[in-house]
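Data first, discussion second: the structure below is written as structure tokens.
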Amino acid sequence: EAWAQRAGAELIAYGTPASHVPSVVYCRWLEDNCMPKQYPPDLLHFLVSQGVSRVIVGHTPHGNCPTVIPHEGLSVIMGDTSYSNMKSDLAYPGDNRGDAVCEIAIFDDRCVVRGRTGATAEGRPRQVVHYVVTESSSAGDPHIGVMQPPSASVPLDDCFFVKACLPAMEGKDARYLLCKVDGFTNTYQEESPAEVLRVFGSQAVLEANATTRTRLTSHGEEFGASSASAEGDVLEHIFRRLDRDHDGVVTAHELLTACSDPEVRRALQWTFPDTCLEDVFRELDANQDGIV
């Protein structure tokens, strides 16, 4: 792999899918669209029976702050925010972390997550994150990680989960940061505790508001196992989405057809800002043979 010479490469490979050295360690457990996924009942029973109350993993980028996946008697905490803002460029061109940073601190029987999400490209201020994870031996915030239930009016692909608690400060009441993941786009929205209870406790549709925003980000398996540039990872992902007949090449027609997909459009806009589709194809078609 291209990242084999980086520091900690062997440790990374130990928890990376398709590693040359298979292991029982797996650093992501997500649905196909990269929303949080519950552990299988047999695995959950085994871990709890062995006294395991929390599983904390990294190397699985999942948005701008840690993701908690609650279970009965156990919490899974994904702590990697290395692709929190793909357009940050804060410290250097290609910096995709920005100033998002959170710590996961263990205090006896309590697990505390605190930090900040990072400023946005539109100039929105960073959000402060602070909450206690609910576990079998301690009381924490019961809403963290809870999934919005799907219904006839809210299909599964439109469901949000509670990403973090934004504590009361600077004249603002406490809010929750909600998140929805679809491939390598994350949609975030802030809501009051009362609204979270109303929407998540019913079949109500979560309406967009002034805080709703979408970020091009990543979800671990496509991005997290590589030390190559973020742009290269995104291009590879775009190529797989464009190659509709899976013949290993992309034609101009396939490019135009794929642009009906909002995710592809956003990815192309990020990779080729202020560039028309004809110029995008010419740039991708290095030898000018009409295919990529």
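Residues that are surrounded by fewer than 22 Cβ atoms within 10 Å (Cβ to Cβ) and under 27 Å from residue 55 (Cβ atoms) within the stretch 146-164 comprise 146, 147, 149, 150, 156, 157, 159, 161, listed in sequence order.
Conditions tested, residue by residue: (1) at pLDDT below 85; (2) open to solvent by less than 30 Å² (accessible area, probe 1.4 Å).
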| site | (1), (2) |
| --- | --- |
| 56 | no, no |
| 60 | yes, yes |
| 73 | no, yes |
| 77 | no, yes |
| 85 | yes, yes |
| 99 | yes, yes |
| 104 | no, no |
| 111 | no, yes |
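Residues that are open to solvent by 60 Å² or more (accessible area, probe 1.4 Å) and charged (D, E, K, R): does the stretch 133-142 have at least one? Checking the stretch 133-142: not a single residue is open to solvent by 60 Å² or more (accessible area, probe 1.4 Å) and charged (D, E, K, R). Within the stretch 125-182, being of a type in the set (S, T, N, Q) and part of a loop (DSSP other than H, G, I, E, B) holds for 127, 134, 136, 137, 148, 151, 153.
I need every pair where a residue in the stretch 195-215 that is small (Gly, Ala, Ser) has its Cβ under 9 Å from the Cβ of a residue that is not in a loop (DSSP other than H, G, I, E, B), sequence separation at least 6 or different chains. Close Cβ pairs satisfying both conditions: 204/198; 208/187; 208/189; 210/190.
The values are calculated or read from the model by the stated rules, or taken from the named source; none is laboratory data. These figures come from a predicted structure and were not determined experimentally. As a convention, Cβ positions derive from the backbone with ideal geometry for all residues, glycine included, and neighbour counts pool all protein chains shown. The area values use the complete protein model at the heavy-atom level, side chains included, leaving out ligands, DNA and RNA. Shrake-Rupley method; radii C 1.70, N 1.55, O 1.52, S 1.80 Å.
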